[in-house]
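Participant: Dropping a structure here in structure tokens format, bear with me for questions.
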Amino acid sequence: MRASTLTWNNHSRDQRCHPRRIVHPTTTAELVELVRDAERAGTTVRAVGAGHAWSDVALTDGWIIETDAMSGLLEFDGGTLNTAARKDAELVRVRGGTRVRTLNALLEDRGMALRNMGGYDGQSIAGVVSTSTHGSGIDFGPFPDAVRSIDLVVAGGKVVRVEPRDGPTDPGAFAVRHGGTRTLEQDDEVFAAAVCGMGCMGIVDSLVLQVRPKFWLRERRVVRTWEEVRVDLAGGVLGRHDHYELFLNPYPRKDGRHDVLVTTRDEVAEPTAASPGDGERHPLIEMQASIPLVWMALRLAARWAPSLLRTQFGRTLRRMEDDNYTQVSYRVFNIGASNKLPALSMELGVPAEGDLHTRAVDRILEVAAECAGSRRLFHTSPIALRFVAPSDAFASMMHRRPTMMIELILVSETREGITLLAEYERRLADFGARPHWGQYNTLGPDRQRLDELYPRWAEWLEVYDRFNATGVFDSRFTDRIGISRK
Ligand SMILES: Cc1cc2nc3c(=O)[nH]c(=O)nc-3n(C[C@H](O)[C@H](O)[C@H](O)COP(=O)(O)OP(=O)(O)OC[C@H]3O[C@@H](n4cnc5c(N)ncnc54)[C@H](O)[C@@H]3O)c2cc1C
């Protein structure tokens, strides 16, 4: 076959592929036709959202389905819901390509909000669900756990609604409405497999999400030391705030201690005056983000003199201190412009149980010191630590365990950045570290490792083998982890 002249790049432009077609369907019928056409043509399809994955999970050399035209809230009932779901004002049906930012605005118009979200809102809802994107808060699971039902177009162009046994659909009403054209699977296991599918289970057409009434959060940011925070974690601080997260300077101060920016967020009543700004609560970070020259200087430093940047971490964390940022929830969750910076990130999930997570941080400090000392490998940003509730989804990084997600963020083109990230993946492996599917990782075709990391991996594969029976959703990612069907 002739090589494609098309190029698709992810958001940070560090992942690239040459698809044979890039299409923008709007309707379910078009998705069905696309999957069938691809099967007939002997090629593959992959749905993409906003291209925010740092890993290869969205790449294909077949056809790319860009989902930006599949956006918005759908009529919730459509004549197929059971009585309880129809009365539940906290459920909405949203199309897979809807950007989180758009969804937040649509929900706000209805006086509603997401219960939790990650630190940014540029992704699509199907994208964040498919890779188990998360925020922070030990009582809040990742995105797949907000999903109650999911409409997929799977191999053969079949349209399947998958939901737990007690899902919102009335099977009788569904049969009347969709007859032989769509299938309903109400099965806890199939749902737990399909909901976090990394794009391999088919195309997510729409989802039913559990949301809540609009609410307000107060955020505080204060610099402490890791040595103090370690004691707080052992003393149960995670349960004392709705949301708790950390930015760790992996390099010691002169006194040998490590700075940590502690961020807490707690629900408050609607304030008479909200804090000013639109989620950009740091003028200096915002300046760095918006003035290309400053950013270019940072990039050059990361490339040629990464050790210089670490001297700025302590000061940067101090500049981020803030006693009160009170706003509507999604503006507080979204940390804003710093997320638009060209960066590369790896995230590893370790259990937040017993002292495992605090020991994992000790290990991080060891690795940072060793790498900086003998190997001259340096971080170019502090490390984020976020805490997430266990997830039911079989392929979620948080599956069945409270999790501390360790986010290793680097300025793009950091010298030997990939070597540094791979070192952390290796050195945290004995903590059972699960790499974020949507961020840089080096998982290979190692069935034993996947089985060890994900105790329900075999069940995930069973559903995948069915929904990708023809191999139409095979991709570079499925090749890399050794699960392609063809
Ligand atoms: C600036 C930035 C901030 C981030 N913040 C966080 C964070 O706070 N927490 C966190 O956990 N992660 C975070 N991430 C990672 C990001 O949330 C995930 O990689 C997410 O999957 C990207 O969503 P997307 O819509 O861009 O999807 P893409 O990158 O386009 O695709 C990701 C995966 O979803 C699949 N997919 C997308 N749409 C569909 C669909 N309709 N049907 C089937 N499969 C689909 C793709 O095939 C692919 O496998 C961040 C990334 C960036 C760049």
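The values are calculated or read from the model by the stated rules, or taken from the named source; none is laboratory data. Note that the structure is predicted; figures quoted are calculated from it, not measured. Here the Cβ positions follow ideal geometry from the backbone for every residue, glycine too, while neighbour counts run over all protein chains shown. Please note that ligands, DNA and RNA were not included when accessible areas were found on the heavy atoms of the full protein model with its side chains. Shrake-Rupley method; radii C 1.70, N 1.55, O 1.52, S 1.80 Å.
Participant: For segment 1-120, place one equal point scatterer on every Cα, skip the solvent, and apply the Debye formula. What is log10 of I(q)/I(0) at q = 0.10, 0.16, 0.22 Å⁻¹?
Facilitator: Listed by q, the Debye log ratios stand at -0.42, -0.90, -1.24.
Participant: Let me ask you something else. Name the long-range amide H neighbours of residue 326: under 5 Å, sequence gap of 5 or more, or other chain; modelled H, no Pro or chain starts.
Facilitator: Here the answer is 219, 275, since their amide H atoms fall under 5 Å of that of residue 326.
Participant: Give me the percent of accessible area attributable to carbon and sulfur for the chain, probe 1.4 angstrom.
Facilitator: Roughly 51 percent of what the probe reaches on the chain is carbon or sulfur.
Participant: For Cα pairs less than 8 Å apart in space and 6+ apart in sequence, what is the mean separation divided by the residue count of the chain, i.e. the relative contact order in percent?
Facilitator: With pairs under 8 Å counted, the relative contact order is 18 percent.
Participant: List the aspartates and glutamates whose alpha-carbon lies under 19 Å from that of residue 486, not counting same-chain residues fewer than 8 positions away?
Facilitator: Correct list for residue 486: 37, 39, 56, 61, 446, 462, 465, 474.
Participant: Through the Karplus equation 6.51 cos²θ - 1.76 cosθ + 1.60, θ set to phi - 60°, convert the phi angles of segment 480-486 into ³J(HN,Hα) values in whole Hz; use x for Gly and Pro.
Facilitator: 4, 8, x, 10, 4, 8, 9
Participant: Continuing with this model, one more query. So for each of 211-222, 380-391 I average, over its residues, the number of other beta carbons within 10 Å; can you give me the resulting order with the highest mean first?
Facilitator: Highest to lowest by the protection proxy: 380-391, 211-222.
Participant: Quick one: 3J(HN,Hα) in Hz for segment 190-199, Karplus 6.51/-1.76/1.60 with θ = phi - 60°, rounded, Gly and Pro as x.
Facilitator: 5, 5, 4, 7, 6, 5, 10, x, 6, x
Participant: Could you give the accessible area per residue of the chain, probe 1.4 Å, as a whole number in Å²?
Facilitator: Solvent-accessible surface per residue comes out at 40 Å².
Participant: Please work out how much accessible surface residue 33 shows to a 1.4 Å probe, ignoring ligands, DNA and RNA, in Å² rounded to 10.
Facilitator: Near enough 80 Å² of accessible area.
Participant: In addition: From the alpha carbon gyration tensor of segment 103-157, can you work out the equivalent ellipsoid semi-axes (sqrt of 5 times each eigenvalue) and give them in Å, largest to smallest?
Facilitator: 21, 15, 11
Participant: Taking the highest mean first, how do the peptides 141-147, 264-270 order by number of other beta carbon atoms within 10 angstrom per residue?
Facilitator: Order by mean packing, descending: 141-147, 264-270.
Participant: Past the 32 angstrom mark, what percentage of all C-alpha to C-alpha distances in the chain do you count?
Facilitator: 39 percent
Participant: Can you compute the radius of gyration and Dmax for segment 367-448, using only the Cα atoms, both in Å?
Facilitator: 13.8, 42
Participant: Given all pairs of different Cα atoms, what value in angstroms does the Kirkwood hydrodynamic radius of segment 7-65 take?
Facilitator: Taking every pair of different Cα atoms in segment 7-65, averaging 1/r and inverting gives 11.8 Å.
Participant: Counting just the Cα atoms, what span does segment 60-112 cover along each of its three principal axes? Round to the nearest Å and put the largest first.
Facilitator: Sorted largest first, the three principal extents are 44, 25, 13 Å.
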